[in-house]
Amino acid sequence: MYNRVLNPVIAGLVSGLLSLPVFSADLDWGIETTVGHTDNATRVSSDEISDTIGSIGGHIEVTRDGSRIDGRLRGAGSFRDYFDNTYNDDFLGSGAAELRIGLIGESVTWSVDDTFGQVLSDAFTPSTPDNRENVNVFSTGPDIRLQLSRSTEMVIGGRYQDSNYQNSNSVDNERVSGDISLVRHTSPAVAWSLNVSASSVDFDGAGNPGYDQREVFARMESRGTNQTLTADLGIGILDGGDQTDRTALVRINWIRQLSPSWALELGALSEFGNADDQFVYGVSSGTELGGTQDVELSGLAMRNDNARLALRFVRPRTRLRFFGDIGQETYPDTIGQDRSRWSLGVEATRRLTAHLEATIELFHEDRDFDTGAGNDKTDRYSARLDWRIGRSLFLGIEGRKEDRSGDTVYSYDETIYLASLSYRTGTL
């Protein structure tokens, strides 16, 4: 099963790299080796086990915009060795590859997308090598653009998606979807469209017939010098065979440059989806790669309501980011599986000298489960110093503290100290 999950992403990443010539692509990458000590490797509330962990890994981002081939590849991960053998050697990482090929200019294109990463096998239990599994979501299909007039076009698309989970085989599924859009460009920066989409999801697990999903919505897209806005408004329909559910469909993404230093990001979402959608969104849209996605592994569709906010401040020597979100997952076809969450965080980076940079991060998350398990909250604090000892070579030291508490029995606290040596293409 492991190879079944991993092989598609390797093929996707390699194909993406081969399709993106280095001379015409934007490339950012780095490698890092780390040695760290944790006082609670198994993340338990009692009988803690300490361990020293060595790792080697890195990150890569490649972007290319061309006349025939567009692509983007983002990935981060590390191989870890537990010196005291608390766990076997482990890999933690995630990546997203997007490739679009122009078969007939912009009129007929073919898209290939692959997303790989890890999720929690049990949403209640902390993230450890025993409680995470690999996931791969592969999607491919054509888009056809028909120019009806100078400012109006029709876009017809189709996708086949295959989702594989390393251990939770009952969640494995295939999805076939199609959509049609009538797009009106009112200016070079603004477009309005009417969209209809339909999809059918079939699960591999016995006893789960899957479901059909339909959406009808209007979209407005605006791209200007100081802001980017995409807003969808319509209705979503979920047909599980014995029951049909409807919900208002809302998707809003707004980025506004408030000043040369300040930028605001807002998002709102209300739609039907499943574990695949949450996983892909978490990897593809996350500001950081390489972590474990907190996704409920269920073969059921849910209504996902979410709002998020981020405020960024960037100056030559200082960077600040304030961020938060609030969300609710509601399963219309079952009782006791709903959950809600909210989080707040701040990250601050300051260049102290030409070669020394300091970063601190504070984060709080609250989760409330509707299964009788109650709720929990997690607080995380970290501080890091990076010293540049060459043009692209860095030494780093870091301390982290993580504390989970609540009504569940899975409370713990962990302190980690790290030392790292890294090579980065960027600078302080």
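Here, each number is a calculation from the coordinates, and none is a lab measurement. On a predicted model such as this, the values are computed, not experimentally measured, just so you know. Cβ placement follows ideal geometry from the backbone for every residue including glycine, while neighbour counts extend to all protein chains displayed.
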Quote to one decimal, in nm, the extra length available between residue 186 and residue 239 on full extension: 0.36 nm per residue of separation minus the C-alpha distance between them.
-> 15.5 nm
Say each of residue 413 and residue 170 gets a label point 7 Å from the Cα, pointing the same way as Cα to Cβ; how far apart are those two points in nm?
-> 3.7 nm
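So what is the 222 nm mean residue ellipticity for the chain from helices alone, if each DSSP H run of at least 4 adds -39500 (n - 2.57) and you divide by all residues, rounding to the nearest 500 deg cm²/dmol?
The per-residue figure over the chain is -2000 deg cm²/dmol.
Quick check: residue separation of residue 403 and residue 380 times 0.36 nm, minus the Cα distance between them. What number comes out in nm? Write down the numbers at each step before the final one.
On the way: separation 23, 0.36 × 23 = 8.28 nm, distance 0.65 nm.
Value of the extension gain: 7.6 nm.
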Tabulate in residue order the Karplus-calculated ³J(HN,Hα) for the range 192-197, using 6.51 cos²θ - 1.76 cosθ + 1.60 with θ = phi - 60°, rounded to whole Hz; enter x for Gly and Pro.
-> 10, 8, 10, 10, 9, 9
Given (1) 21.5; (2) 22.7; (3) 19.8 as candidate values of mean projected area of the Cα convex hull in nm², which corresponds to the one derived from the coordinates?
-> (1)
How far, in nm, would the chain grow between residue 258 and residue 50 when pulled straight, counting 0.36 nm per residue and subtracting the alpha carbon separation?
-> 70.2 nm
Cα centroids of the range 153-224 and the range 254-299: how far apart, whole angstrom?
-> 17 Å
Computed label-point distance, nm, for sites residue 162 and residue 179 using a 7 Å Cα→Cβ extension = 2.3 nm
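Could you give the longest part of the chain that holds none of the trypsin sites (Lys or Arg not before Pro) found in DSSP loops with at most 15 neighbouring Cβ atoms within 10 Å?
Details: sites that count: 68, 150, 317, 391.
Answer from the scan: 151-316.
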Inter-probe distance in nm under a simple model that places probes 7 Å from Cα toward Cβ, at residue 353 and residue 204 | 5.5 nm
